[in-house]
Amino acid sequence: MRYHFLKLGPGNSLAIDLLDRQVLGTPTAVGFFRKVGMSDIERSLESEKVRFSRQAISLYKWSHGMIDGVAVTVSNGRIWILEPAGPMYEMDHDDFADTVAEPPNPNDWPKLVPVRVVAEERLTHVPTLLAQITANRSLSSSTFKEIRDDFGNQVALDHVMFKHGLLDTYPTIEEGSRGLYHLLLCLGQNELIALVARLLEESGLTVPAPTGGFVRDVDLFAYNDMPHNVTVGLPAFGQLVVPPRREFRHGAATIQIRGVAQNTKPELSPAVDWLVQLNAEPSARVFSHAWIGGALQHSRETRRWLERILRWVPFSGTVIRSLSG
């Protein structure tokens, strides 16, 4: 199953008008590609030379059944999964402005695609990382883009499709993708930060609320009020150390947390004592997903929390129970 991210106007601001109110008479997707006309797209397909946005070509192909899969869009606390219901057509700029809304730019030529809503959910009933998909800047800056190399969101979309009876299985989950690493890819960024915070707290540290991006590079502060080092993790996977309390001052450490990053041998920011990155190659003060697994082995309450958070993933229970020794 192929999944595509679809943005309906700036910030998905046109989703309610086009999909819910159906101001054009039927659920409709729209793309704005400046002065690209239908004839430009068709000539480009014939010559196989793209002289403008490839997304315009992709949306055209999807609408004509030349690209398969469904599209997902998120707005106003809801998620829609769509399939094409007819070929792309063009609408005059002023007609679109009078009927729907003013296009983002004065030289936009709106391209419209009739669609069918095959599934719709409130964001409270879909996995967290899927609810937060617009935070992915690679996708949110696009109009129509295939969701690739994103195991977590692809499994989350499998889950929504499965719940609605549109799939009989989770096609993204293949042999070799049922371990801890792939399970952790199914966490939203805030859930991953919360997981590390809970591991630290269960080890006896005090962890205030996440910084929420207000402190550059630092996601968590960890405080040690005891007169001895607190270590989190197992020697085999590395131990995160927070120094002891001294002279009426608590020990403290700063921690940065990343999911998957392109650089698997990251350098620490000067502001960071420890970095946890799922796909990192472990080094001094840098931990991978294996460190999380090691810490989970002696963190019963955090394992229970994680099992609840990821119970929508078919293999979550098996993986988490295997960490209990």
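Residues of the range 1-11 that are modelled with pLDDT under 95 and over 12 Å from Phe144 (Cα atoms): Met1, Pro10, Gly11. Restricting the search to helices (runs of 4 or more DSSP H) fully inside the range 14-121 and requiring at least 3 residues that are outside the structural domain of Ser142 (by TED's automatic domain parsing), within 23 Å of Leu157 (Cα to Cα) and in contact with a helix residue (DSSP H, G or I) (Cβ under 9 Å, 6 or more places away or on another chain) gives an empty result. Set side by side, the residues Ala280, Ala253 differ, and just one is free of Cβ contacts under 8 Å to residues at least 24 places away in the same chain, surrounded by 21 or more Cβ atoms within 10 Å (Cβ to Cβ), of a type in the set (Gly, Ala, Ser) and touching a Pro at 6+ places or on another chain (Cβ under 9 Å), which is Ala280.
The number of residues in the range 102-128 being at pLDDT below 95, surrounded by 15 or more Cβ atoms within 10 Å (Cβ to Cβ) and farther than 20 Å from Ser58 by Cα comes to 1.
The number of residues in the range 155-177 that are outside any loop (DSSP other than H, G, I, E, B) and either closer than 12 Å to Val313 by Cβ or at pLDDT below 95 (or both) comes to 5. Taken over the range 237-259, the criterion of being touching a Leu at 6+ places or on another chain (Cβ under 8 Å), under 22 Å from Gln297 (Cα atoms) and either β-branched (Val, Ile, Thr) or assigned to a loop (DSSP other than H, G, I, E, B) (or both) is satisfied by Val242, Ile255, Ile257, Gly259. For Ile133, state whether it is buried (at least 21 other Cβ atoms within 10 Å of the Cβ) and not basic (Lys, Arg). Answer is yes for this residue.
The values are calculated or read from the model by the stated rules, or taken from the named source; none is laboratory data. None of these values were measured; they are calculated from a predicted model. Quick reminder, even Gly has a Cβ in these numbers, built from the backbone with ideal geometry, and neighbours come from all protein chains shown.
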